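In what follows, a single structure is set out as structure tokens and then discussed.
The values are calculated or read from the model by the stated rules, or taken from the named source; none is laboratory data. Predicted model, so just to flag it, every value in this text is computed and none were measured. When we count neighbours, we look across all protein chains shown, and the Cβ atoms used for this are built from the backbone with ideal geometry, even at glycine.
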Amino acid sequence: MDQTQWRFYETYRSPYDPCPPLEPKRFIVPPNQYIVFQPENLPQCTPMQALQLGTLWPVLYSPYDHGDWRG
């Protein structure tokens, strides 16, 4: 799922803008934005896994890998 979490956008640049164009911006959409309601019987992590991942439900885990975050 982590590949679909990344989004990009380019800022508008006027033809008359004297400044150099900005690089495309990259951001993460967290997995909880894709789930509109909490379905029943979602699999849960063990307590130790939940502490390591930061969430009780594996489907809501996102590694937030910054990687090459500049685009």
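Being touching a residue at least 40 places away in the same chain (Cβ under 8 Å) and either of a type in the set (A, V, I, L, M, F, W, C) or surrounded by fewer than 10 Cβ atoms within 10 Å (Cβ to Cβ) (or both): is that true of F8 here? Considered against the rule, which asks whether it is touching a residue at least 40 places away in the same chain (Cβ under 8 Å) and either of a type in the set (A, V, I, L, M, F, W, C) or surrounded by fewer than 10 Cβ atoms within 10 Å (Cβ to Cβ) (or both), F8 comes out as yes. Scanning the range 38-48 for residues that are of a type in the set (S, T, N, Q) and at pLDDT 90 or above yields N41, Q44, T46.
To keep it simple, each residue is scored yes or no on (1) of a type in the set (V, I, T); (2) at pLDDT 85 or above.
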| residue | (1), (2) |
| --- | --- |
| Y12 | no, yes |
| N32 | no, no |
| V36 | yes, no |
| A50 | no, yes |
| P63 | no, no |
